[in-house]
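Below: the structure, in C-alpha cells.
Read the figures in this text as sums done on the coordinates, not as results from a lab. In this text the structure is predicted, and so the values were computed from the model without any measurement. In this analysis, Cβ positions are derived from the backbone assuming ideal geometry, glycine residues included, and neighbour counts consider all displayed protein chains.
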Amino acid sequence: MKTAKITALGSFKPTSGDLRGNSAKMQELCSQAAAADKKILLLPELSLTGSACQDLLFNQTFAEKCMAAVEDLAEKVPEGLLLGFGTAMYDVEGQCRDAYVFVQDGAVQAVYCAKGFARTPTEYRQRSFTCTKDKAVFMLQGRVVVESRNGFELDGLKIAVVFTPGVDKQLKHADLIVLPSVRAYEVGGIAAAAEQALEISSCTRALTAAVNLCGNESADAVLDGVCIMARKGRLLMQSSPCFFNDVRLCSKEDGIAAPAHLYDEMLRAVALGLFDFMIKTHAKGFALSLSGGADSALCASSVAAAQLCALTDLGADSYIKTLRSLGLNVADYSGDPLSYVKNEVMPKLLTTVYQGSDNSSAVTREAAEQIAKAVGASHHVWSISKVVNDYVELYNSISAGHPLSWEHDDITLQNIQARARLPGIWMVANREGKLLIETSNLSESVVGYCTMDGDTAGGLAPIGGIGKSVVRRINAHLETEGFKVNDSITLKIPEMSYITKQQPTAELRPGGGQTDEGDLMPYAILDYIRRLFAQERLGPAEILARLQEDPEFKELDHSKFKQYVQRYFLLHARSQWKRERFPVGFHIEKDDASPKGYWRFPIFNGDLKVLTEDL
C-alpha cells in the first residue's frame, strides 16, 4: 500500500471553544478528502476544541460538550475514510487529556494522549492537561476505550503519533507517523518543523506527516497552517504558510511550495492576524494614529497587505461578501487587485489621523500623508496643541506657583502629548465601528519606551512581536522590492522612502533633536541584547562579551557597550508593569515580550541587580 498516495493532510482556521464551527470545517475537509479518493485524513492537535481554550478546559459543561462532539463527529465521517484529529478529552476520572483520536466507519478506533508538550507561545498546557505514565481510559459511544501508547494497526497499516520531538522505538515499525503538534508562526519555526519531520522520517520506513492549524485563533498568536510530508529523510510535500481560506486540503501531489522572502513571510503572518482579528470582532476595519514614523507606516501597510491576500486567496465574490457582512459597503470587483483594494476598499476600511503637536515636524506630517495616500487610507490631519496646552494650564492652576517647565518636567510634558492623542483616535474608532491599532514594536516594549494610556492604547498591536531594527528593514523591503502577494501581484510602496530616510523620533521634546536611539541606544544593539537575554538566556556579563566580540558592531564605540547593557536591564526590569497592560500583539519573533507568551517576568524584581552586579 502506498501510504503517501492515499493520505491527505488538512488544515483549517479554528476558533477556541467553538466546537460546532470547528467540527463543520473538519467535516468539509472530510468531504474534500473523500472526493479526492483519499483513505486517510490527518488533522492537527486540538482541532475540534481549538488549541487555546485555556481555563475553559476546566469547565464541567465544556467537558461534557467535548466528549459529545467527538462522538457526533465520528458518526459524520464519510464511510471508509480514516480520520485522525486532536481534541481535549476527559477520561473516566475526569482528567483532561490532550488527545489524538482516530475514527472510521462511525467508531472510535484508537486514542493517543500527549505524554509531554513542546514549548509554545502560550505555555498553559502543563497546567491544563494531565500527563501520566498510566494509560488513560475513556467512555466513548457507550464502551470503554483504552489509550493506545505503542501505536495501533488498522487494515494492515501500523500508525503512531508523536507529540514531542524525538525518535521512539515504537516508530521503527510504523507505516505512518503523525506529528500533530500545533505551533504559532514565528521566524524560523516552519524550517524547524520541516527539520523535525525529516529527522524522524530518516530513522524509519514510515511516511511522516506534520500538520498544523492556521490563522488567528485566539488573538495573540497566528498559526502558520503549514502541512508537511516526508519519507526516508526526503521532503515530499510542504504547503505555503498562512492561508486566508477557511480550510485547506493538502496531499503529496501538491509538492513543495516555493519559499518566500523572510520579510514577505512575516508580513503575511501579520496580515493574516489582522484580517482574522477584524472578522472575529465584527469590526468595520481599523483606525490608526499615523505619526509619519516607521511603526505606524508598517501597520498601515500591513492592513493593505491583508486585503490583497484575502482578495487573492478567497476570490473576489467571497472577499466582497465578507466585507459586506461587516457593514463595509464596497462596490463590486473591477479592475486589478491593487487598484481595487487601494481605491475602493482601503478608504472605507482604514481611517488614519496625523495628530500634530507643537513639536511635530513638516517631515513627519508629509511622510504620514504619503503613506496614507500610497495605501489608500482615508486620512485626516489635526492638531493636539490646544488640548495639550489646556492640560498644562489645568495643572498650573493648582501648582502653587511652580508651573510646569521643560527644565524640571521633561517626562511629564512628553507624556501629556502622547496621552492627548488618545481620546481623538479612540473617538474615530468608536464612531466608525473600527479597531484601534496600537503601534508599539517589540524593542520598545521590552524597555518600556512608550507612554501608558498614550501610544500604548489600542485594541491590538500587530507589530508588537517585531523588533524595531527588523521593522525598519521590512519598510525598506516594501520600498524597494515590495511584498509579494503571489506570483503576479506585488505590493510595492516607493513612498516608504519618506519613512526610511528618517531617524526614528517620538517628536515630544522641543528643538527637533530628539531621536529614539539617542534616548535608548542603537536599535541594532538593543535587539541584539534582547535576543541574547530572552532566547539564549545569557546574563549581562556574557552579553557584554558577545557584543565586544561581534564584528557587526566593530565600528561602534565599545566604551558605551557596558552602559547600553546596564540601561537595557534596568529599563527592562522597571517596565514589566507596562507589558502587563499592553494590547494583544502577534507572536512573530522568538523572544516574545508578552506576559502571556514565552517571557514570564515579575513586576517587582529588584531592578535585576542580582544579574547586573556581574558588570
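At a 10 Å Cβ-Cβ cut-off, how would you order Y112, Y498, fewest neighbours first?
Y498, Y112
Mind ranking 18-31, 127-140 by how tightly packed they are, going by the mean number of other C-beta atoms within 10 angstrom, highest first?
Averaged packing, sorted descending, gives the order 18-31, 127-140.
Number of Lys pairs in the stretch 3-251 with C-alpha atoms less than 14 angstrom apart, excluding same-chain neighbours closer than eight positions?
Value for the stretch 3-251: 9.
State whether the stretch 1-116 is rounded, prolate or oblate according to the following rule on the C-alpha gyration tensor (a ≥ b ≥ c being the square roots of its eigenvalues): a/c under 1.5 gives rounded; otherwise a/b larger than b/c gives prolate, and the remaining case gives oblate.
prolate
Using Cβ-Cβ distances only, list the Cys residues of the chain with no partner cysteine under 4.7 Å, sorted by number.
Isolated Cys, the chain: C30, C53, C66, C96, C113, C131, C203, C214, C242, C299, C309, C450.
Order these peptides, 440-453, 141-154, 221-234, 411-424, by their mean beta-carbon neighbour count within 10 angstrom, highest first. Write down the numbers at each step before the final one.
Details: 440-453: 22.4, 141-154: 13.9, 221-234: 24.0, 411-424: 18.5.
In descending order of packing, they fall as 221-234, 440-453, 411-424, 141-154.
Kindly count the pairs of lysines across the stretch 449-566 whose alpha carbons are less than 26 Å apart, treating pairs on different chains or eight or more residues apart as eligible.
Lysine pairs meeting both conditions in the stretch 449-566 amount to 12.
Listed highest first by mean packing, meaning other Cβ atoms within 10 Å per residue, what order do 579-592, 372-385 come in?
In decreasing order of mean packing, 579-592, 372-385 become 579-592, 372-385.
Below 12 angstrom from the Cβ of Q566, what's the summed charge of the other residues (Lys, Arg +1; Asp, Glu -1)?
+1
Nothing charged except the Cβ atoms of Lys and Arg (+1) and of Asp and Glu (-1): what's the magnitude of the dipole of the chain about its Cα centre? Round to the nearest 20 debye.
Value, rounded to 20: 1080 debye.
Go through the stretch 527-542 residue by residue and turn each phi into a ³J(HN,Hα) via Karplus (6.51, -1.76, 1.60, θ = phi - 60°); whole Hz please, and just put x for glycine and proline.
Each residue's phi maps through the Karplus curve to give 5, 5, 4, 4, 5, 5, 6, 7, 8, 9, 6, 7, x, x, 5, 5 Hz.
Any idea what angle helix 19-35 forms with the longest principal axis of the chain, computed on alpha-carbon atoms, 0 to 90 degrees, nearest 10?
60
Please give the helix 189-202 orientation as an angle from the longest Cα principal axis of the chain, in degrees from 0 to 90, rounded to the nearest 10.
Approximately 30 degrees, to the nearest ten.
Count the DSSP beta bridges whose two residues both fall in the stretch 3-251, then state the antiparallel fraction as a percent rounded to the nearest 5.
Here the antiparallel bridges make up roughly 75 percent for the stretch 3-251.
Rounded, prolate or oblate: which one fits the stretch 478-561, using the alpha carbon gyration tensor with axes a ≥ b ≥ c (rounded when a/c is under 1.5, else prolate when a/b beats b/c, else oblate)?
It comes out oblate by the Cα gyration axes.
Please name which of A593, L615, H558 has its Cα lying farthest along the dipole of the stretch 535-615 towards the positive end, using unit charges on Cβ (Lys, Arg +1; Asp, Glu -1) and the Cα centre as origin.
Going by the Cα projections, it comes out as A593.
In degrees from 0 to 90, rounded to the nearest 10, what is the angle of the helix 316-325 Cα long axis to the longest principal axis of the chain?
70
In the chain, what % of DSSP beta bridges are antiparallel (nearest 5)?
If we restrict to bridges inside the chain, about 60 percent are antiparallel.
If you put +1 on each Lys and Arg Cβ and -1 on each Asp and Glu Cβ, how big is the dipole of the stretch 3-251 around its Cα centre, in Debye rounded to 20?
The calculated dipole for the stretch 3-251 is roughly 760 debye.
Based on the alpha-carbon gyration tensor of the stretch 3-251 and its eigenvalue square roots a ≥ b ≥ c, which shape applies: rounded if a/c is under 1.5, prolate if not and a/b is larger than b/c, or oblate?
Here the stretch 3-251 falls in the rounded category.
How much of the DSSP bridge set in the stretch 193-274 is antiparallel, in percent, rounded to the nearest 5?
Bridges in the stretch 193-274 that DSSP calls antiparallel: roughly 90 percent.
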